[in-house]
Amino acid sequence: MNVLLPIIQSTSATLIASLRRAWLLFSAVIVLSGCTNSLVVVGDFPQPLAAKTDITMAVVYDKALTEYVYKEESESRARWLIDVGNIHKKFFGQVFQPLFAQSQALKSLQAAEGNSEIDLILVPKINEFQYSSPKETRINVYEVWIKYNMQVYNTDGELIADWIMSAYGKTPTAFLKSKEEAMNQAVIVALRDLGASLTSGFTKVPEIRAFLEGGN
């Protein structure tokens, strides 16, 4: 009689059970990850056709802006993780470069204190991000709304202007390859809408206009 046979059979059964549990766990991870639509927004922005001002502008890119990620919490909607913040440095750089005499990037408002080469500092914040899906719009496009709080300071840290701006965009075509691509395009269109509003209206904000007319 082979006394090793029960031991071998028991070991094999344990190994098979362990492999089955590992496979089930791996399958669950794959299923869960497949239920979330993850997107890092990418794109380009046309340079505005506007007369260049003699303003030296700085923009604060803090973590609240550059690391802003929208997470859909509703159980009745598809799960989305949308990295909206990462694109803003490129956005403001491309929009502001032809608009101002010089545009600088800062990590904090304090970094501009006492800098005589800077006239104004913009601190943009995302207050709200919303979207509607094809299931809700009944057409194969996404719509995006982004609400911003724009704050402008001088180099003494004094608040010059504080106002709200809204940006709207939607997928320009119903024939994109994936829902991630469709959502990405909707966000880019919203940012282009924001860029057009900033180009035409920044120096018309009453407080900023008064500041500039007062000789800085």
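The values are calculated or read from the model by the stated rules, or taken from the named source; none is laboratory data. Computed from a predicted model, the values in this text were never measured in an experiment. Cβ placement follows ideal geometry from the backbone for every residue including glycine, while neighbour counts extend to all protein chains displayed. Side chains are part of the model used for accessible areas, which takes the heavy atoms of the whole protein and leaves out ligands, DNA and RNA. Shrake-Rupley method; radii C 1.70, N 1.55, O 1.52, S 1.80 Å.
Looking at the structure I just gave you, is residue 83 touching a residue at least 40 places away in the same chain (Cβ under 8 Å), closer than 25 Å to residue 184 by Cβ and open to solvent by less than 40 Å² (accessible area, probe 1.4 Å)?
On the way: touching a residue at least 40 places away in the same chain (Cβ under 8 Å): yes; closer than 25 Å to residue 184 by Cβ: yes; open to solvent by less than 40 Å² (accessible area, probe 1.4 Å): yes.
In short, yes.
Of the conditions (1) surrounded by 14 or more Cβ atoms within 10 Å (Cβ to Cβ); (2) outside any helix (DSSP H, G or I); (3) not hydrophobic (A, V, I, L, M, F, W, C), residue 93 clears all except one; give me its number.
Condition (2) is where residue 93 drops out.
I'd like the residue in the range 194-204 that is surrounded by fewer than 18 Cβ atoms within 10 Å (Cβ to Cβ) and either touching a strand residue (DSSP E or B) at 6+ places or on another chain (Cβ under 9 Å) or closer than 9 Å to residue 167 by Cα (or both) and, out of all such residues, is modelled with the highest pLDDT.
Per the stated criteria, the residue is 197.
Within the set of pairs 6+ apart or on separate chains, which have a first residue in the range 119-143 that is free of Cβ contacts under 8 Å to residues at least 24 places away in the same chain and farther than 21 Å from residue 100 by Cα, a second that is open to solvent by 20 Å² or more (accessible area, probe 1.4 Å) and assigned to a strand (DSSP E or B), and C-beta atoms under 8 Å apart?
Going by the 8 Å Cβ cut-off, the qualifying pairs are 128/145; 128/147; 130/145; 132/143; 137/143.
Select from the range 140-171 the residues that are part of a loop (DSSP other than H, G, I, E, B), touching a helix residue (DSSP H, G or I) at 6+ places or on another chain (Cβ under 6 Å) and more than 30 Å from residue 112 (Cα to Cα) and list them in ascending order.
Answer for the range 140-171, where residues must be part of a loop (DSSP other than H, G, I, E, B), touching a helix residue (DSSP H, G or I) at 6+ places or on another chain (Cβ under 6 Å) and more than 30 Å from residue 112 (Cα to Cα): 140, 142, 171.
Looking only at the range 97-125, count every residue that is outside any loop (DSSP other than H, G, I, E, B), open to solvent by less than 70 Å² (accessible area, probe 1.4 Å), modelled with pLDDT of 90 or more and more than 12 Å from residue 61 (Cβ to Cβ) and tell me the total.
The total comes to 1.
I'm trying to understand the selection: among the residues of the range 136-190, which are touching a Pro at 6+ places or on another chain (Cβ under 7 Å) and open to solvent by 40 Å² or more (accessible area, probe 1.4 Å)?
140, 185, 189 - these are the residues of the range 136-190 that are touching a Pro at 6+ places or on another chain (Cβ under 7 Å) and open to solvent by 40 Å² or more (accessible area, probe 1.4 Å).
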